[in-house]
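S.K.: Please read through the structure below; I'll follow up with questions.
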Amino acid sequence: MFWEQLLNGLTLGSTYALIALGYTMVYGIVQLINFAHGEIYMFGAFAGLILVSFFGVNLIVAMLGAMLFCMLLGILVERIAYRPLRGKSSRLSALISAIGVSIFLSTLMALMAGTNTHRYPDVIAHHTFHLGSLDFSLMQILILAVSALLMLGLQFMVQKTRIGKAMRACSQDLDASYLMGINVNRVISFTFAVGSALAAAGGVMVGVYYNAVWPYMGMMAGLKAFAAAVMGGIGSIPGAMIGGLSLGIMEIMGVAYLSSSYKDAIAFGMLILVLLIRPQGLMGQKISKKV
Amino acid sequence: MNGLDAAITQYIDPYYLRIMILLGINIILALGLNLITGVTGQLSMGHAGFMSIGAYTSAILSMQFGFSYLMALLAGAMVAAFFGFLIGIPTLRLEGDYLAMVTIGFAEIIRVFFLNFEPGGKAVGLSGIPQHTNFITVWLIALLIIALNTRLLKSRMGRAFYAIRENEIAAASTGIDTTRLKILAFTVGSFLGGLGGGLYSHYMYYINPQDFGFMKSIELLNMVILGGMGSIPGTILGSFILTLAPEMLRIVAEYRLLFYGALLVILMIFRPNGILGDVRIYDLKKRWGRKEVKTCQS
């Protein structure tokens, strides 16, 4: 029972982590809570659904297609709604702009697809594996494997490649990076693209796993993922991974052992508790303020 | 006063009357949030949580314990203020977006609590609340709050609030007790949130935990930021625009929210610091005064 719940928690948590990574990367560079990120995740889930049901592609191709689509969407959103504001307004104006985009995108999808829940066709065999007393499905393995692969890939990209180096430089000091000849706008676009692609992968997998996709799915998922990013220490990539996984586990355990009607309250309650003990999040660095 | 109210309901179209009452309530709520976020600079994204505490407390007190209208409103606001005080305490340690997350979490916990709260009718909501709130009461209270708020922001304490927003370390080093003032801002702000909630529940007749979700908090935050952070005229203008916009956008029917979202983005692109960014009644008076002097000289 316990191990099964732990596995469920890890599955849910790794999807939170995928979304949280987008929040944390964008935040790390432009200090913006990208509230439209949950909607990008929702668009990813729908893009995957359309690819699977109208073009009959398999799950992996659908996921790649959704990721590509959301990359473009993320770049577009950044161009239209955030770039004109950058540098000349407070961070809160950008936040309102992000909220505007979020309302716009979710309404747009509701107008196009209707407000009811859509189901994914059977794209993956309902096969259950047994390992001792532990039952797990093929989809769970796929979610865990794909998430792990994407996160390792991201970590490699950020630490080892040239663009990753530029991203790290930008997150330390945007102005100094600009002076050093880094094309800051391109790095920011790239960050939005990568974050959106990860969210899209999460969206497709959640859509298949829970067999439900609807236009307002982005809001709660976005909130939870933001909570995960903050819990891990916003701006920190390993923090988002750990935050996502622990939030997922806490939520599943809370439902299993405490009460299911308080599901969302448990997740947020734990988050507040973590922040009260460690105000900078689990992996965040304490930044001393300069006068 | 009852006669006046009767006259108002007779001559004003009920639809417009309803919008004006909701506008008054929104102004009270937004001024509370303005004090926390706009003036003191502590990003709160859970104002609807305080609103729901005020709404439920006052509704239950007046329905089941026979409290008079004003007493119920006051009690609801006091309970909300107490929770605001509790939330104010973590602000000592948390900053910026960490604080925002705690306020979001708090509001979500309150919502889930009321979804499971027996005396509040659980998910079905609470109905049959006596409809005491009318145009006169809302606007009397709103004008009183606006006047008090203007006095507060002009006072020594109000200046200290602005100082904390501008630079907390500098404020502390000039001898401002930032801790006490931040908690105070949260307490007063959530008192106003609870008051607005009480007025709301005694007007709507029926309340439901979903009325006070994350989107409501965001709507209130939009009012504060859109009008211009920290400015009372700005907050009133923001409340005015965002109360009216959904009504005006009824022409476009199902595309309403689409336009609403686009409107937020466009307004922010063209007026990044809010429509009346940091315009204060006090400054306006000074500016007008100065103009007169200039015309005399020339």
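S.K.: If B:PHE161 satisfies all but one of (1) out of contact with any Asp or Glu (no Cβ under 9 Å at 6 or more places or on another chain); (2) aromatic (Phe, Trp, Tyr); (3) under 22 Å from B:ALA245 (Cα atoms), what's the number of the condition it fails?
M.R.: That leaves (3) as the condition not met.
S.K.: Oh, and also: Testing B:PHE85 on (1) under 18 Å from B:ARG180 (Cα atoms); (2) modelled with pLDDT under 90; (3) within 18 Å of the chain's Cα centre (by Cα), one condition comes back false. Which one is that?
M.R.: Single failed check for B:PHE85: (2).
S.K.: Just checking, which of B:PHE135, B:PHE85, B:PHE113 is farther than 16 Å from B:GLY193 by Cα, more than 9 Å from chain A (Cβ to nearest Cβ) and out of contact with any strand residue (DSSP E or B) (no Cβ under 9 Å at 6 or more places or on another chain)?
M.R.: Working: B:PHE85 fails: farther than 16 Å from B:GLY193 by Cα; B:PHE113 fails: more than 9 Å from chain A (Cβ to nearest Cβ).
The match here is B:PHE135.
S.K.: Something else now. Residues of region A:95-116 being surrounded by fewer than 21 Cβ atoms within 10 Å (Cβ to Cβ) and not in a loop (DSSP other than H, G, I, E, B), which ones?
M.R.: First pass over region A:95-116, keeping only residues surrounded by fewer than 21 Cβ atoms within 10 Å (Cβ to Cβ): A:108, A:110-116.
Of everything in region A:95-116, those that are surrounded by fewer than 21 Cβ atoms within 10 Å (Cβ to Cβ) and not in a loop (DSSP other than H, G, I, E, B) turn out to be A:LEU108, A:ALA110, A:LEU111, A:MET112, A:ALA113.
S.K.: Only one residue in A:PHE46, A:PHE35 is assigned to a loop (DSSP other than H, G, I, E, B) and at pLDDT 85 or above. Which one?
M.R.: A:PHE35
S.K.: Being within 30 Å of B:ALA170 (Cα to Cα), within 12 Å of chain B (Cβ to nearest Cβ) and part of a helix (DSSP H, G or I), is that true of even one residue in region A:254-261? Show your work before the answer.
M.R.: In the first step, residues of region A:254-261 are kept if they are within 30 Å of B:ALA170 (Cα to Cα); the result is none.
No: region A:254-261 contains no residue that is within 30 Å of B:ALA170 (Cα to Cα), within 12 Å of chain B (Cβ to nearest Cβ) and part of a helix (DSSP H, G or I).
S.K.: I would also like to ask the following. On the basis of being surrounded by fewer than 20 Cβ atoms within 10 Å (Cβ to Cβ), more than 30 Å from A:GLN31 (Cβ to Cβ) and charged (D, E, K, R), does A:ARG119 make the cut? Before the answer, list the steps.
M.R.: Values: surrounded by fewer than 20 Cβ atoms within 10 Å (Cβ to Cβ): yes; more than 30 Å from A:GLN31 (Cβ to Cβ): yes; charged (D, E, K, R): yes.
For A:ARG119, the condition - surrounded by fewer than 20 Cβ atoms within 10 Å (Cβ to Cβ), more than 30 Å from A:GLN31 (Cβ to Cβ) and charged (D, E, K, R) - is met.
S.K.: What's the total number of residues in region B:136-181 that are in a helix (DSSP H, G or I) and either of a type in the set (D, E, K, R) or in contact with a Phe, Trp or Tyr (Cβ under 6 Å, 6 or more places away or on another chain) (or both)?
M.R.: The total comes to 8.
S.K.: Before we move on, is B:LEU249 within 12 Å of chain A (Cβ to nearest Cβ), without any contact (Cβ under 8 Å) to a residue 24 or more places away in the chain and touching a helix residue (DSSP H, G or I) at 6+ places or on another chain (Cβ under 6 Å)?
M.R.: Details: within 12 Å of chain A (Cβ to nearest Cβ): yes; without any contact (Cβ under 8 Å) to a residue 24 or more places away in the chain: yes; touching a helix residue (DSSP H, G or I) at 6+ places or on another chain (Cβ under 6 Å): yes.
In short, yes.
S.K.: Turning to a different aspect of this structure: From the residues in region B:202-243 that are assigned to a helix (DSSP H, G or I) and of a type in the set (Phe, Trp, Tyr), which one is nearest to B:ARG18 (Cα to Cα)? Give the steps one after another, and end with the answer.
M.R.: Looking only at region B:202-243, we keep the residues that are assigned to a helix (DSSP H, G or I), and these are B:202-204, B:209-212, B:214-227, B:232-243.
Next cut, of a type in the set (Phe, Trp, Tyr) only: B:203, B:212, B:214, B:240.
Numbers: B:TYR203: 9, B:PHE212: 19, B:PHE214: 23, B:PHE240: 13 Å.
The extreme case among them is B:TYR203.
S.K.: For region A:24-74, which residues satisfy the criterion of being within 15 Å of the chain's Cα centre (by Cα) and hydroxyl-bearing (Ser, Thr, Tyr)?
M.R.: Once the filter is applied, which keeps residues that are within 15 Å of the chain's Cα centre (by Cα) and hydroxyl-bearing (Ser, Thr, Tyr), region A:24-74 yields A:THR24, A:TYR27, A:TYR41.
S.K.: Then there's this: How many residues are more than 18 Å from B:HIS132 (Cα to Cα) and part of a helix (DSSP H, G or I) when one looks only at region B:17-50?
M.R.: Within region B:17-50, the subset more than 18 Å from B:HIS132 (Cα to Cα) is B:27, B:29-50.
So of that shortlist, the ones also part of a helix (DSSP H, G or I) come out as B:27, B:29-39, B:47-50.
Final tally of qualifying residues: 16.
S.K.: Of all residues in region B:107-120 being under 10 Å from B:TYR56 (Cβ atoms) and touching a residue at least 24 places away in the same chain (Cβ under 8 Å), which is surrounded by the most Cβ atoms within 10 Å (Cβ to Cβ)?
M.R.: The first filter runs over region B:107-120 and keeps only residues under 10 Å from B:TYR56 (Cβ atoms), leaving B:110, B:113-114, B:117, B:119-120.
Next, only the ones that are touching a residue at least 24 places away in the same chain (Cβ under 8 Å) stay: B:110, B:114, B:117, B:119-120.
Numbers: B:ILE110: 23, B:PHE114: 26, B:PHE117: 16, B:PRO119: 12, B:GLY120: 22.
For region B:107-120, the residue satisfying everything is B:PHE114.
S.K.: Considering every residue within region B:256-272, establish whether at least one is at pLDDT below 75 and among the hydroxyl-bearing types (Ser, Thr, Tyr). Spell out the reasoning first.
M.R.: At the first step, the residues of region B:256-272 found to be at pLDDT below 75 are B:272.
Applying the additional criterion that residues be among the hydroxyl-bearing types (Ser, Thr, Tyr) yields none.
Checking region B:256-272: not a single residue is at pLDDT below 75 and among the hydroxyl-bearing types (Ser, Thr, Tyr).
S.K.: If you don't mind, there's one more thing I want to ask. Here is a list: A:ARG162, A:ARG168. Which entry is in contact with a helix residue (DSSP H, G or I) (Cβ under 9 Å, 6 or more places away or on another chain), of a type in the set (Lys, Arg) and more than 21 Å from A:ILE19 (Cβ to Cβ)?
M.R.: Details: A:ARG162 fails: in contact with a helix residue (DSSP H, G or I) (Cβ under 9 Å, 6 or more places away or on another chain).
Only one candidate passes the filter, namely A:ARG168.
S.K.: Oh, and also: Suppose we keep only residues that are in contact with a Ser or Thr (Cβ under 9 Å, 6 or more places away or on another chain) and modelled with pLDDT of 80 or more within region A:266-290. Which one would you say is farthest from A:ASN8 (Cα to Cα)?
M.R.: Initial filter on region A:266-290 (in contact with a Ser or Thr (Cβ under 9 Å, 6 or more places away or on another chain)): A:266, A:270, A:274, A:281-285.
Now drop any that are not modelled with pLDDT of 80 or more, which leaves A:266, A:270, A:274.
Working: A:ILE266: 16, A:MET270: 18, A:VAL274: 22 Å.
Selected residue: A:VAL274.
S.K.: Have a look at A:LEU223, A:LEU275 and point out the one that is within 13 Å of chain B (Cβ to nearest Cβ) and under 25 Å from A:THR115 (Cα atoms). Explain how you work it out, then say what you get.
M.R.: Working: A:LEU275 fails: under 25 Å from A:THR115 (Cα atoms).
After applying the criteria, what remains is A:LEU223.
S.K.: Okay, next question. Between a residue in region B:91-106 that is more than 7 Å from chain A (Cβ to nearest Cβ) and any residue that is modelled with pLDDT under 75, which pairs come within a Cβ distance under 6 Å, given they are 6 or more apart or on different chains?
M.R.: B:LEU99/B:THR91
S.K.: Within region A:192-205, is there a residue that is within 16 Å of the chain's Cα centre (by Cα), closer than 16 Å to A:LEU12 by Cβ and at the interface with another protein chain (Cβ under 10 Å from one of its Cβ atoms)?
M.R.: No, there is no match, as no residue in region A:192-205 is within 16 Å of the chain's Cα centre (by Cα), closer than 16 Å to A:LEU12 by Cβ and at the interface with another protein chain (Cβ under 10 Å from one of its Cβ atoms).
S.K.: Suppose we keep only residues that are of a type in the set (Gly, Ala, Ser) and more than 23 Å from B:LEU152 (Cα to Cα) within region B:199-227. Which one would you say is surrounded by the fewest Cβ atoms within 10 Å (Cβ to Cβ)? Full working, then the answer.
M.R.: Step one: filter region B:199-227 for residues of a type in the set (Gly, Ala, Ser), giving B:201, B:213, B:217, B:227.
Next, only the ones that are more than 23 Å from B:LEU152 (Cα to Cα) stay: B:201, B:213, B:217.
Values: B:SER201: 32, B:GLY213: 18, B:SER217: 24.
Per the stated criteria, the residue is B:GLY213.
The rows are residues; the columns are (1) of a type outside the set (Phe, Trp, Tyr); (2) closer than 26 Å to B:LEU70 by Cβ; (3) at pLDDT 90 or above.
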residue: B:VAL112; (1), (2), (3): yes, no, no
residue: B:GLY120; (1), (2), (3): yes, yes, no
residue: B:ALA123; (1), (2), (3): yes, no, no
residue: B:LEU148; (1), (2), (3): yes, yes, yes
residue: B:LEU153; (1), (2), (3): yes, yes, no
residue: B:GLU168; (1), (2), (3): yes, no, no
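The values are calculated or read from the model by the stated rules, or taken from the named source; none is laboratory data. Computed from a predicted structure; not experimentally measured. No Cβ is skipped: glycine too gets one built from the backbone with ideal geometry, and neighbour counts run over all protein chains shown.
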